[in-house]
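Novice: I have a structure here, written as structure tokens, and I will follow up with some questions on it.
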Amino acid sequence: MNEDITYLENLISNRKVVRNYKNVEVDLEKLKNIAKFSVKIPTAGFSRGIEILQVTNKQIIKNIAKQFKEQEYIKKGMPKWISNSVSLFFILLNENAYHERYENPDKIKSINSKDWDIPYWYVDAGAAMMNCMLLIEEQKLQSGFMGLHNTSRNGVHEILDIPNTYKIVGMITAGIENSTEMSKKSNTKIKKKLTHYEQFGK
Ligand SMILES: Cc1cc2nc3c(=O)[nH]c(=O)nc-3n(C[C@H](O)[C@H](O)[C@H](O)COP(=O)(O)O)c2cc1C
């Protein structure tokens, strides 16, 4: 560990999205608190409309990989990712929890949650996602993120018995990186200014 930076700063700088896992077993004890602490997030109005579903059952993980058509990617030369995950974490959105909360007397004068210019449930989902990824990193595993924009949502709902009143925001994978030359982080990314101090652009 670099001594000049804190434990959390180190964890954050080491984390990267990894889409290539070894086929290994890990002690599931390492994973037992991840879902619980991932949802320890602030939520708009304390609506608590973000939930996490964790899957560690190998057969269910394989069934999920099929839904994401992993075999097609493997045939194209991509490495095994979802099916070699030791655990999957689904971020579930219960949007109604927000609308119900914002109908309460203390919120009734606020802008209606259906008219929010920023849908805060996605902010909250992102917070849970980052907690989850860092908790995975803390256990010396690597994480990835997969959206469902190219996947049959119904199929995943069916496998996991998720009610249709919930929307899956995304899936976080956890596994042990199968290091290859390809997976080494490229330093060729163009540096982009993403931080500003005191005034925009400074
Ligand atoms: C909201 C969101 C959606 C993403 N969706 C996908 C996805 O569907 N498939 C995928 O392979 N990577 C997905 N990614 C990962 C990004 O493509 C990219 O790998 C990541 O930003 C790199 O982060 P890193 O530099 O910290 O490793 C997603 C990331 C985020 C934050």
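FYI, it's all coordinate maths here, none of it is from the lab. Keep in mind that this is a model prediction, so the values were computed, not measured. When we count neighbours, we look across all protein chains shown, and the Cβ atoms used for this are built from the backbone with ideal geometry, even at glycine.
Novice: Considering only residues that are in a loop (DSSP other than H, G, I, E, B), within 16 Å of the ligand (Cβ to nearest atom) and over 25 Å from E25 (Cα atoms), which ones fall in segment 102-146?
Specialist: Going through segment 102-146, the residues in a loop (DSSP other than H, G, I, E, B) turn out to be 102-112, 116-119, 139-141.
The next check asks that each one be within 16 Å of the ligand (Cβ to nearest atom); those that pass are 118-119, 141.
Scanning segment 102-146 gives I118, P119.
Novice: Step by step: first the residues of segment 73-96, then only those that are of a type in the set (S, T, Y) and in contact (Cβ under 8 Å) with a residue 12 or more places away in the chain, then the one that is farthest from M133 (Cα to Cα). Which residue is that? Write out each step before concluding.
Specialist: Start the filter on segment 73-96 by keeping residues that are of a type in the set (S, T, Y), which leaves 73, 83, 85, 87.
If we keep only those that are in contact (Cβ under 8 Å) with a residue 12 or more places away in the chain too, we end up with 83, 85, 87.
Working: S83: 18, S85: 14, S87: 12 Å.
That would be S83.
Novice: Here's something else I'd like to know. When you scan segment 1-45, how many residues do you find that are away from the ligand (no atom under 16 Å from the Cβ) and in a helix (DSSP H, G or I)?
Specialist: Pass one, segment 1-45, residues away from the ligand (no atom under 16 Å from the Cβ): 1-7, 22-37, 39-40, 42-45.
Keeping just the survivors that are in a helix (DSSP H, G or I) gives 7, 28-31, 34-37, 44-45.
Residues meeting the conditions: 11.
Novice: Another question, then. Looking at the structure I just gave you, is I82 farther than 24 Å from R48 by Cβ, of a type outside the set (K, R) and within 15 Å of the ligand (Cβ to nearest atom)?
Specialist: yes
Novice: Would you pick out the residues in segment 67-121 that are among the β-branched types (V, I, T) and more than 16 Å from V169 (Cβ to Cβ)? Can you show your working first?
Specialist: Just the residues of segment 67-121 that are among the β-branched types (V, I, T), to begin with: 74, 82, 86, 91, 108, 111, 118.
Across segment 67-121, the qualifying residues are I74, I82, V86, I108, I111.
Novice: Of all residues in segment 147-162, which are free of Cβ contacts under 8 Å to residues at least 24 places away in the same chain, under 19 Å from A125 (Cβ atoms) and more than 10 Å from the ligand (Cβ to nearest atom)?
Specialist: R153, H157
Novice: Within segment 46-70, can you find the residues that are surrounded by fewer than 17 Cβ atoms within 10 Å (Cβ to Cβ), assigned to a helix (DSSP H, G or I) and not hydrophobic (A, V, I, L, M, F, W, C)? Show your work before the answer.
Specialist: In the first step, residues of segment 46-70 are kept if they are surrounded by fewer than 17 Cβ atoms within 10 Å (Cβ to Cβ); the result is 46, 48, 53, 56-60, 62, 66, 69.
From what is left, the residues that are assigned to a helix (DSSP H, G or I) are 46, 58-60, 62, 66.
The answer is K58, Q59, K62, K66.
Novice: Okay, next question. Considering segment 147-172 alone, what residues qualify as being of a type in the set (A, V, I, L, M, F, W, C), assigned to a helix (DSSP H, G or I) and under 21 Å from A97 (Cβ atoms)?
Specialist: V156, L160
Novice: For segment 147-160, state whether one or more residues are basic (K, R) and surrounded by fewer than 15 Cβ atoms within 10 Å (Cβ to Cβ).
Specialist: Taking segment 147-160 and keeping what is basic (K, R), we get 153.
Checking the rest, the ones that are also surrounded by fewer than 15 Cβ atoms within 10 Å (Cβ to Cβ) come to 153.
Taking every residue of segment 147-160 in turn, at least one turns out to be basic (K, R) and surrounded by fewer than 15 Cβ atoms within 10 Å (Cβ to Cβ).
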